[in-house]
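The values are calculated or read from the model by the stated rules, or taken from the named source; none is laboratory data. As the structure is a prediction and not an experimental result, all values here were calculated from the model. Cβ sites come from the backbone with ideal geometry, for glycine too, and all protein chains shown count toward neighbours. To get the accessible areas, we keep the full protein, side chains included, count just its heavy atoms, and leave off ligands, DNA and RNA. Shrake-Rupley method; radii C 1.70, N 1.55, O 1.52, S 1.80 Å.
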Amino acid sequence: MVKIATLDPAGLLSELSALVGPDGMLTDADVTASYARDMMPLAPSGDPLAVVLPRDAGQVQAVVRACAAHRTPIVPRGAGSGLSGAANAIDGCVVLSLARMNQIIEVDPDNRLAVVEPGVVNLDLRNAVEKEGLFYPPDPSSYDWCTIGGNLATNAGGLCCVKYGVTTDSVLGLDVVLASGELLRTGRRTVKGVAGYDLTKLFIGSEGTLGVITRATLALRPLPKAPATLVASFGTTAAAGQAVITIVREGIVPSLMEIMDRTAIRAVQNFGHTELGAGAGSAALLVCQSDAGGEAAMRELSAVEQACNGAGAEFVYATADLAEGRLLLAARRAILPALETLGTWLTDDVCVPRTKIAELIEGSERIAERLDLMITVVGHAGDGNMHPTVIYDQSSADETRRAHQAFGEILEVALGLGGTVTGEHGIGKIKQDWLAREIGPVGLDVHRRIKAALDPDNLFNPGSMFTA
Ligand SMILES: Cc1cc2nc3c(=O)[nH]c(=O)nc-3n(C[C@H](O)[C@H](O)[C@H](O)COP(=O)(O)OP(=O)(O)OC[C@H]3O[C@@H](n4cnc5c(N)ncnc54)[C@H](O)[C@@H]3O)c2cc1C
């Protein structure tokens, strides 16, 4: 972990309190501790000097300037739902929480865009634009509590990416407070626009290492039709993998295509979700949706059904009934609560070519067997983004060690299959070495040069993603 020495902690605290007001600063260690970590148990974290909660971009600029003058690092923070330790505090830092900057500033139905502050919760934005018949697609499973700022800074994905892309595909422009305290405006409000470098994309996925996002202009879509849902179970992982390959090759684009392996199926069934239709021998399950609407949706799912049957599915069921569809999807969404009843979960995040999904699952099974652990795999099959999740007893040092080993071995398998070490959760404070390995020395050097150009004093989130 990075260690830092603030020049004059007491002086900085009194400056910050004057800037954000006494109700905008927290220093009680019992309280600041709840801002020190995200949801990744593997990642290191430190004790922040303070948590500040600015109300507008002007306050963010002032806080950044004060921290820069005191050489005190800043860790920007949304809801802390991250799964890479990227929002974890380092000793003596200022955690800059954007939670109070949570206004939806504008929804413009004619230009199909919204302007929001970073602390807006993803679901609140989705609900607000839905009232205008519009749709904000990025839907991480944590959508009912993660923030747009966190989604932007991690380039979050979710269940709908197979059809609508990831967060960056819905962003037109950003306001970003730089390490100098200046406010940078990137992007535009128009549908097209190529003036200059694409600075918007540079900040998306930068995990709080380049600047603080204080406003975003987001592209919206027309509200999709109510989805029809299909569930298919397979006797082998290879058959499920083949179904995905056929669906992709046939050019069918469902609005959602999720996969669960045998361990995940058993876990949610034991948790009470018996509606999946998977038998005792079921090795993998696909849950697909089409939001094409009415007959078109059922036609699309019928093409999916043919692909599943062609690959040897044991059971396929499609329904246009909304309540039934919700129930089937609820089973997929229940995986983490189901796993929580079995032990501590440590979720990995890799993305492999869609032709390699079965091999990734089989590789995870082999690791589980060799290390004598439970590993479930669920994932966004439509884009090859898999979440092998290790379940372990954290009171056992030996089992914890094996769980951590499994986490790394899964990354190894993914890289070996031509994949990447993170599909959506990011690098944060747990995968720095893996980033270096994946992008190579030239890629890493370019990252460092960009960081040095924008944040020469290493103010923002030092030690996260890579060492400067
Ligand atoms: C149960 C569960 C399910 C999840 N499902 C998904 C999923 O389907 N897809 C997915 O992609 N992720 C998923 N996640 C991970 C997590 O929810 C996402 O990474 C999310 O985008 C983080 O948002 P947050 O507001 O919690 O950000 P935080 O965790 O607080 O921060 C994440 C990163 O963003 C930076 N940051 C936050 N706000 C700003 C800002 N305004 N300016 C600059 N940097 C900022 C932080 O410094 C940090 O580096 C899941 C997590 C959980 C716990």
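Using Cβ point charges alone (K and R +1, D and E -1), the dipole size of segment 316-437 about the Cα centre works out to roughly 280 debye. Overall, the chain carries a charge dipole of about 880 debye about its Cα centre when +1 sits on the Cβ of Lys and Arg and -1 on the Cβ of Asp and Glu, all other atoms neutral.
Pairs of Lys residues in the chain, spaced 8 or more positions apart or belonging to different chains, with C-alpha separations under 18 angstrom: 7 in total. The angle between the Cα long axis of helix 357-371 and the main principal axis of the chain comes to about 80°, on a 0 to 90 degree scale. Counting only heavy atoms of the protein chains and using a 1.4 Å probe, residue 359 has close to 80 Å² of accessible surface.
Backbone phi angles across segment 106-122, fed through the Karplus curve with coefficients 6.51, -1.76 and 1.60 (θ = phi - 60°), yield HN-Hα couplings of 7, 10, 10, x, 5, 9, 6, 8, 10, 10, 9, 7, x, x, 5, 6, 3 Hz in residue order; Gly and Pro are listed as x.
Expressed as a whole percent, how much of the Cα-Cα distance distribution for the chain exceeds 40 Å? Looking at the chain, the distances longer than 40 Å represent 21 percent of pairs.
Ranked by solvent-accessible area (1.4 Å probe, protein heavy atoms only, all chains present), the residues 448, 299 order from largest to smallest as 299, 448. With the simple model of a label 7 Å out from the Cα in the direction of the Cβ, residue 197 to residue 468 spans 1.6 nm. Of 271, 407, the order by accessible heavy-atom surface (1.4 Å probe, DNA, RNA and ligands excluded), from most exposed downward, is 271, 407.
Take the Cβ atoms of residue 253 and residue 366, set R0 to 41 Å, and the FRET efficiency comes out at 0.80. Contact order for segment 23-124, expressed relative to its length and based on alpha carbon pairs under 8 Å spaced 6+ residues apart, stands at 30 percent. Fully extending the segment from residue 437 to residue 10 would add 149.6 nm, taking 0.36 nm per residue of separation and subtracting the current Cα-Cα distance.
When you restrict to C-alpha pairs under 8 Å that are six or more residues apart and normalise by the size of segment 184-278, the relative contact order lands at 18 percent. Calculated on C-alpha atoms, the gyration radius of segment 38-98 divided by its Kirkwood radius gives an Rg/Rh of 0.99. Karplus-derived 3J(HN,Hα) values for segment 89-95, using 6.51 cos²θ - 1.76 cosθ + 1.60 with θ = phi - 60°, are 5, 10, 3, x, 7, 9, 7 Hz; glycine and proline are entered as x. Working note: Debye formula, equal point scatterers on the alpha-carbon atoms of segment 307-416, no solvent; log10 I(q)/I(0) at q = 0.10, 0.13, 0.22 Å⁻¹ is -0.35, -0.57, -1.20. Phi angles of segment 204-219 translate, via the Karplus equation with coefficients 6.51, -1.76, 1.60 and θ = phi - 60°, into HN-Hα couplings of 6, x, 7, 6, x, 9, 10, x, 10, 6, 10, 6, 9, 9, 10, 7 Hz per residue; Gly and Pro are given as x.
Between residue 330 and residue 415, how many nm apart are label points set 7 Å from Cα along the C-beta direction? Going by the 7 Å Cα→Cβ label model, 4.2 nm. Placing one equal scatterer on every Cα of segment 142-182 and applying the Debye formula, the log10 ratio I(q)/I(0) at q = 0.26 Å⁻¹ is -0.96.
Net charge near residue 465: determine it from the other residues with C-beta under 10 Å of the C-beta of residue 465, scoring Lys and Arg +1 and Asp and Glu -1. Neighbour charge sum, excluding residue 465 itself: +2. Working from Cα pairs under 8 Å separated by at least six residues, relative contact order for the chain is 15 percent.
Projecting the Cα atoms of 193, 158, 265 onto the dipole axis of segment 138-289, where Lys and Arg carry +1 and Asp and Glu carry -1 at the beta carbon, places 193 farthest toward the positive end.
These residues, 274, 319, go from largest to smallest accessible area, 1.4 Å probe, as 274, 319.
Helical runs (DSSP H, four residues minimum) scored at -39500 (n - 2.57) apiece and divided by the length of the chain put the mean residue ellipticity at 222 nm at -11000 deg cm²/dmol. At full extension, residue 169 and residue 226 could sit 18.3 nm farther apart than now, given 0.36 nm per residue minus the alpha carbon distance.
The figure for residue 395 is an accessible area of roughly 100 square angstrom, using a 1.4 Å probe on the protein chains alone. Placing dummy labels 7 Å off each Cα toward the beta-carbon, the span from residue 306 to residue 397 is 6.0 nm. In this view, the solvent-accessible surface of residue 16, computed with a 1.4 Å probe and all protein chains in place, comes to about 0 Å².
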